Amino acid sequence: MAAIGEQSLQWFAAERVAVDKPAEPDLPALVGEHSALLYRVALSVVRNPAEAEDIVQDAFLRVLQRRQELAAIVEVRAWLVRIVWNLALDRRRRIRPEQMDEAFAAALLSSTMPADEVLSESRRMAQVLAAIEHLPTKERQALLLSAMDELSTAEIAAVLGKSESGIRSLLFRARVHLRERLGKGDRR
Amino acid sequence: MTQEHDDTLSRTLAALRNAPPPEGMETRIAQRLAAHTPSPSRWEVLRSSLPAAAWLRGALTGAIVATAVCTLVFYMTRRLPSPRPHQVATATAPQAVRATPVTLQSEGSASPACSGPAAHPAGVSHASSSSSREEREAQSPRLIPASFAPSRPAPPAPLTAQERALVEFVRTATPAQLAALSPAAEQKSDAEREAAFQKFFAPSPELLALEKGEEATNPSGDSPMPQAKELHN
């Protein structure tokens, strides 16, 4: 786990631009600005609110340990997302998010839907989440990151280490595979 | 059907996108960060105490480094003088110099400090060619302690031809010959020799009287003893 943040830091440090060094960012300001996005990124992977919040806290702790190098990072948001993304993937190996898909979907919908519609909608959403789980890894990751409106294609490409055209291709194939899989589920 | 699946997928992704963070998450993160904030290290304290201007910090650092380098060079030059030539010679080929001092001296212009193989006498060249390891050791920093050692007397200077003849004479001459070397004895001997000469060749009073009588009788006549007269003159 310790290597995850280090890899991310090295990867982003290699891409830094040789410009005047900016002032060291304020860490509380970073928390206020990016914590919500980071939480959603972690939640899309682990599908557990408590785990997602814990991941965000761990990510900011890593940032705190390397705050001297933070000034050299140009794309701070993409760098933070990458740290959270790697931490979430690592945490995901210890939990089974598909077991709580229905409850998770119900929790997501409860704030926006009436209670009688939540049950049926949460079942459909659980099917979609299960289909997403069966996608190839890269397609799944590109699809989940694309769900975050704040992230551009370039930032998703930076997080996943792909080109922008590669990300577009992955998203297209992911949607095609999802349609096929959901269609098969309806026929059964 | 496909449209329905697309709508369901869009709704699911929108639900993920719009998931609200738990209340108070930022506060909890801030508290955890505050609990883990390390105290500033000494280096950070030092950095913060330095002037903010980059050029001033650079100048200050350069001045400190230059002072340190100058101090180091000053002490190095004062504490490590270059080894003297005779010390180098003693360290490089001490056995050769001790074994054949006369050979070294007889070579004349070849100084013991000369390090080139062509300039070395036979003994030194033998010592240097016998083991290159000794040369390497001699050129190694082992010489530095030798340079701190107390000074030794210089090796004896070469003897001149007169001095060598004197040494040979002292070894082979008799005591009487040796005694004759004394200036006082030599003066005394010269005086005795002169006295004996004068005594032998000087005219006697009778002869002088006879000469005077003959001169009175024969003023232009020859001397009856021309040899004595000439010798007397």
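Quick one: if the Förster radius is 22 Å, what FRET efficiency do B:R57 and A:A29 give, using the C-beta to C-beta distance and rounding to 0.05?
Calculated value: 0.25.
Set Lys and Arg Cβ to +1 and Asp and Glu Cβ to -1, take the dipole of region A:30-188 about its Cα centre, and tell me which of A:G183, A:A59, A:V76 lies farthest positive.
A:G183
Assuming R0 = 56 Å, can you tell me the calculated FRET efficiency for the pair B:H36 and B:S151, based on Cβ-Cβ distance, to the nearest 0.05?
The formula returns an efficiency of 0.25 here.
Among B:V167, A:V63, A:V41, which comes first, then next, by fewest other beta-carbon atoms within 10 Å?
Least to most surrounded, the residues fall as B:V167, A:V63, A:V41.
Rounded if a/c is under 1.5, else prolate if a/b beats b/c, else oblate: with a ≥ b ≥ c from the C-alpha gyration tensor eigenvalues square-rooted, which is region A:112-188?
oblate
Since every read-out is calculated from the coordinates, none of them should be taken as a lab result. Computed from a predicted structure; not experimentally measured. A quick note on method: Cβ atoms are made from the backbone with ideal geometry, for glycine too, and the neighbour counts reach across all protein chains shown.
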